[in-house]
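The values are calculated or read from the model by the stated rules, or taken from the named source; none is laboratory data. All values derive from a computational prediction rather than experimental measurement. Positions of Cβ are backbone-derived with ideal geometry, glycine not excepted, and every protein chain shown enters the neighbour counts.
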Amino acid sequence: MAELGRKRVAIAGLGGVGGRHLLTLTRLGIGRFNLAEMDAFELANFNRQAGARCSTIGLPKLEVMAGLAQDINPELDLRLFPEGLTDGNLVSFLDGADLYVDSLDFFAFEARRAVFAACDRMGIPAITAAPLGMGAALLCFRPGGMTFEDYFRLAGCDPFEQSLRLLVGLAPAHLHAGYLADRSRVDLAGGNGPSTAMACELCAGIAGSEALRILLHRSGGRWAPHGLQFDAYRQRLARTWIPWGNAHPLQRLRLALARRFLAPARTTA
């Protein structure tokens, strides 16, 4: 616990998963955080975000979530970035971090690429846990290992293709796809998709467990191109291994099938 109290975790985004990551890691005993968030709470956040409630509508997410975390541990060391994550503050945001936990909006492609690249340069391990359906998908990137860009290959792609590659790369097992009732709700080109509170809760539990392993240098972790997806609704767990990431032949086939499956949503965008 003393060692965890000295660790610093950087979290970009305090919405659906980010707010829950912060509270989970605070309860775990992490004592220092770098937090970046520029948005305020609104009614649309109520289905999944830890800080969204009637009393917080219109309030800055950073202010609300920092207050909730400090109410759990008043001795937290917080460095706050109310302008969000930018090119100008990226290095200072990651300064001193022992771990980065990705919580950016799914469609924040350029910011996500930039922060993962910076983590690799600065020797900081990085976790991304994505809420998908009623489950979660986990990927971890270690400095000197397979990079985020090598795995997802987003460079040069339009927003729809970047969304597709991120989605299929995160969850090649597609455990969540079987119960999607209305494909029109998935609008990758328009930057919209369904979300559930259960998925965000699962993300926090899975990412928190992996953070514990990484921060205490314990064995047993799996780094990209290895990944994990758990779907609570289907009660299924899949451990994935995608060498070459989205360049793998089977992954290219999955991408082609996903393009066809989501084509109606793209047409109506």
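General remarks:
- Checking each residue in the range 24-49 for being more than 15 Å from the chain's Cα centre (by Cα), buried (at least 16 other Cβ atoms within 10 Å of the Cβ) and within 25 Å of Met134 (Cα to Cα) picks out Thr26, Leu28, Phe41, Asn45.
- Scanning the range 82-100 for residues that are out of contact with any Phe, Trp or Tyr (no Cβ under 7 Å at 6 or more places or on another chain) and within 22 Å of Asn192 (Cα to Cα) yields a total of 1.
- Qualifying position, being at pLDDT below 95 and within 17 Å of the chain's Cα centre (by Cα), among Phe116, Phe148, Phe106: Phe106
- Any hit, the range 169-188, residues being polar (S, T, N, Q) and surrounded by fewer than 19 Cβ atoms within 10 Å (Cβ to Cβ): yes
- Here Phe152, Phe160 are screened, and the one residue that is out of contact with any strand residue (DSSP E or B) (no Cβ under 6 Å at 6 or more places or on another chain), surrounded by 23 or more Cβ atoms within 10 Å (Cβ to Cβ) and of a type in the set (A, V, I, L, M, F, W, C) is Phe152.
- Pairing each residue of the range 216-232 that is modelled with pLDDT under 95 with any residue that is among the basic types (Lys, Arg), provided the two are 6+ apart or on different chains, yields C-beta distances under 6 Å for Gly221/Arg213.
- Some residue of the range 141-149 being touching a residue at least 40 places away in the same chain (Cβ under 8 Å), of a type in the set (A, V, I, L, M) and either under 22 Å from Gly18 (Cα atoms) or surrounded by fewer than 16 Cβ atoms within 10 Å (Cβ to Cβ) (or both): no
- The single residue among Gly178, Gly169, Gly221 that is more than 19 Å from Leu14 (Cα to Cα) and not in a helix (DSSP H, G or I) turns out to be Gly221.
- For the criterion of being in contact with a Lys or Arg (Cβ under 7 Å, 6 or more places away or on another chain), among the β-branched types (Val, Ile, Thr) and over 19 Å from Met198 (Cβ atoms), Ile30 passes.
- Some residue of the range 240-258 being among the hydroxyl-bearing types (Ser, Thr, Tyr), touching a Ser or Thr at 6+ places or on another chain (Cβ under 8 Å) and touching a residue at least 24 places away in the same chain (Cβ under 8 Å): no
- Among strands (runs of 3 or more DSSP E) entirely within the range 19-123, having at least 2 residues that are free of Cβ contacts under 8 Å to residues at least 40 places away in the same chain and out of contact with any Cys (no Cβ under 8 Å at 6 or more places or on another chain) singles out no element at all.
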